[in-house]
Amino acid sequence: MDVPKRSSFTIPKINVKYNGKLKEILSSTKAKSEVQDLSNIPFIKQSDSIRLLPKYSAILGKSADDGVSMDDLDHLQQDLEKLYSTSAIRIRYFLSEIGEVDRNDEGPDRKAHDKTSLKRKRPDEKPKFKDAKNGMRVKKKTVGFPAKLIDDFLQEIPKVTLPKNDNSDKFWASIEPFCSSVTKDDVASLDSIIQEFSKEIDIKIPEVGDHYANGWSEEIINDEQNLGKSPSKKGAPTSDIKKNGLHAMLETFSSPQTQRLLNSLPKNGENEREPNKLKSTEFGKFRTSSAGQKVGRCLDRRLKKELMEQGIITMEDLAKNMPEDEILNEITKCQQELATVNEYNIQELNKLKSIVMNDLRSSEMKEQLDKVDKQVLELYNKIIVARKTAQQVEGDDFDKVVFTEQVTRDFEGQADALLKQQIELNHEINGLTDRDMIY
Amino acid sequence: MPLTADAVAAQQVQERLKALQQLVHEIEKKRQQSEQGILTLQRYSQDDQSGQSSQKMKSLYKMAIAQTEQEEEVIRKALQKITEIRNIKNERRIQSKIASNKESIRKGIWIKMLTSSAQTLPLYVGKIGEKPPPLCGAVPADPNFISRVGDMVAALVKDSEDGDNCILAEVVSYNPTTGKYEIDDILKEQNQKGRHVLSRRRVIPLPLMRANPETDPQALFPQGTLVMALFPQTTCFYKAIVNKPPATHTDEYELLFEDKTYPEGYSPPHYVVQRYVIAYKQKNKQTTT
């Protein structure tokens, strides 16, 4: 059965022109035995080489020395291409068969397997095989089995394995460090933190330097002095020169209106008893209204300098008049705030420390209590054992009573002591926890 | 000078022919292995049908695939050698043509050469999941593709008598600055007027590889596509409709050419090899026979 079928199936791979006829043969044999779908694997048997691959076989028969001649090339190429194409198709066929095996793993249905092998596996290759006239491998009946197809797909879907749900474990593991009991290490770390916070904060705020504008105005004054324009340079403080100086200053104002105003001022000022003082105040007003900040600054400086030279204003007066340093204020304010916060933190830390100490003490207590509990259990066991031995030693009634009495008395004493200890410890622990509640 | 170049080429060809011989023997070995694998597979599937384990089946399949892939690899190498030989030959032909300034070949011989060159065009067999490269079968060329000297092209030339004509031609040179090709009509007697100089737009490269319908049918023009194809026994391209794409790598397209002399407007089916069937461009204005 095997032999004729195989030969009939291998030919069509190569000579596709016979397809139509062979397809019928193929399907008829198929119908007889459904299982033999492996007999039509697309390959060229070596025994068919001479017939199907004449040039290839001829070259194979030649010795190595003869080699291939140029005339053989065209036919050899055709033969090789035949092999090439066949093996390419074979790989695709096998791949689809593997897919088929996978699919049928759950409930193998040979019939469906035969009929849908290629198409079900790789639907995208469907047109390929159809177009290629290799459809004889793919039975055309496939179309009749859509229900089966859908069934298979449905069976595939629930295969998804659910991931393990260990979230609760993870959660408790993450919580664990926060719930563990307090140790001495915790106290040590708390101590170090408290120490750090208790250190004196010693940050000095640097002195405020000259305003940059002052630097500029100084430069301008110096320049003017060097040019000899300023009368103050000569160091002869006469009122005349002063007036000239003032006039020179007034000339620096560009606006004609302000100039007129200023011109009237010195005249009025001369009538006063203390003309310079008045002028300085008046000039102060003008300074703010003057066109440029720089000019104002310059004027300010010059006035101050002159007034100081005159002895009308001293350095102390100037210092008093200095505007408040907002930034400095802000810094000191922040420092104060920080200091208070720090103080509060230290307080809290200390509180925490005392709680921790408390906790340590209570855990110590608990340990002791556990010990006592154990002792109590041991004692209980001892008592039971003693009773049993007492009961076992039968035959001597008198002895037995005395023995039990003695033993019981001993045990009673021990039990009382333990119980007292237990009560004390419990009391203490309760006291500690009560204190904890205060915070 | 040409003698030594010829000698070098001849030696190169000889080397490759030798290698080819060895490869053929290697292929035979691989085929034997593949056949063994297939026989095992068939025996297994027949012998114990009841106790077939799918795992065992799968491993057998996988082994068969590995064997086939090896076989395929060696065949590919052998075909590569053949292509190399052809390229060397073609190179020599172009060189001697430049040297001797046009040997004249009669039309009949040309037609024969064209058919054989189309049949021996390298076959492309894609691996699983691989896309066919440009100029394989119906796959168009890259937009920036420039045909090499000696490549066959379809050229849209102006004909004084009946407008534009799409002819089969060979690239002589390409000027990258002007973007124009210099081409030779494949028929020498047509070249007496001088070479054609055409812009890239009017030169369509022909496929450099054949597509295998059994593995890469997407690289073929499907039925009903409007194409330009070399009319049998001519060197001109005409409009046609695909009646049936090729079924195997040796098959040809079955085409219906536009022909007003027939009442239906189309000629009876003609067969044209893959190499001389190209996509129809809307702007290609040309006359029909």
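The values are calculated or read from the model by the stated rules, or taken from the named source; none is laboratory data. Keep in mind it's a predicted model, so treat the numbers as computed, not measured. Because the Cβ atoms are built from the backbone with ideal geometry, glycine has one as well, and the counts that use them run over all protein chains shown.
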Could you look through the range A:216-227, keep only residues that are surrounded by 11 or more Cβ atoms within 10 Å (Cβ to Cβ) and without any contact (Cβ under 8 Å) to a residue 40 or more places away in the chain, and pick out the one that is nearest to the chain's Cα centre (by Cα)? A:219
For the range B:222-241, give me the residue count where each residue is over 16 Å from residue B:266 (Cβ atoms), assigned to a loop (DSSP other than H, G, I, E, B) and touching a strand residue (DSSP E or B) at 6+ places or on another chain (Cβ under 9 Å). 3
Qualifying residues in the range A:398-439 (those that are of a type in the set (D, E, K, R) and in contact with an Asp or Glu (Cβ under 9 Å, 6 or more places away or on another chain)) - the one modelled with the lowest pLDDT: A:436
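Table: residues versus (1) modelled with pLDDT of 80 or more; (2) in contact with a Cys (Cβ under 7 Å, 6 or more places away or on another chain); (3) over 20 Å from residue A:59 (Cβ atoms); (4) at the interface with chain A (Cβ under 7 Å from one of its Cβ atoms).
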position: B:8; (1), (2), (3), (4): yes, no, yes, no
position: B:20; (1), (2), (3), (4): yes, no, no, yes
position: B:55; (1), (2), (3), (4): no, no, yes, no
position: B:99; (1), (2), (3), (4): no, no, yes, no
I'd like the full set of residues that are under 21 Å from residue B:233 (Cα atoms) and among the hydrophobic types (A, V, I, L, M, F, W, C), limited to the range B:106-155. B:109, B:110, B:111, B:113, B:114, B:118, B:121, B:152, B:153, B:154, B:155
Which residues, counting only those in the range B:142-157, are touching a strand residue (DSSP E or B) at 6+ places or on another chain (Cβ under 8 Å) and at negative phi? B:145, B:146, B:147, B:148, B:149, B:151, B:152, B:153, B:154, B:155, B:156, B:157
Could you say whether any residue in the range A:93-112 is modelled with pLDDT under 65 and surrounded by 17 or more Cβ atoms within 10 Å (Cβ to Cβ)? yes
If the Cβ limit is 7 Å and pairs must be 6+ apart or interchain, which residue in the range B:108-124 that is touching a residue at least 40 places away in the same chain (Cβ under 8 Å) pairs with which residue that is of a type in the set (Ser, Thr, Tyr)? B:118/B:276; B:122/B:83; B:123/A:84
I'd like the residue in the range B:245-264 that is more than 21 Å from the chain's Cα centre (by Cα) and outside any strand (DSSP E or B) and, out of all such residues, is surrounded by the fewest Cβ atoms within 10 Å (Cβ to Cβ). B:263
Given (1) modelled with pLDDT of 85 or more; (2) farther than 14 Å from residue B:154 by Cβ, residue B:207 misses just (2)
Selection within the range B:201-219 - crowded, with 18+ Cβ neighbours inside 10 Å, under 27 Å from residue B:183 (Cα atoms) and not β-branched (Val, Ile, Thr): B:202, B:205, B:206, B:207, B:208, B:209, B:210, B:211
Just checking, how many residues over the range B:253-289 are at pLDDT below 85 and within 24 Å of residue B:119 (Cα to Cα)? 1
Just one of the numbered conditions (1) over 16 Å from residue B:214 (Cα atoms); (2) surrounded by fewer than 22 Cβ atoms within 10 Å (Cβ to Cβ); (3) modelled with pLDDT under 75 is not true of residue A:19; which one? (1)
Qualifying positions in the range A:296-334 - under 57 Å from the mean Cα position of the chain (by Cα), among the aliphatic types (A, V, I, L, M) and modelled with pLDDT under 80: A:319, A:322
What pairs come out if I take residues in the range B:211-223 that are more than 7 Å from chain A (Cβ to nearest Cβ) and pair them with residues that are surrounded by fewer than 24 Cβ atoms within 10 Å (Cβ to Cβ) and among the acidic types (Asp, Glu) whose C-beta lies under 8 Å away, six or more apart or interchain? B:220/A:131
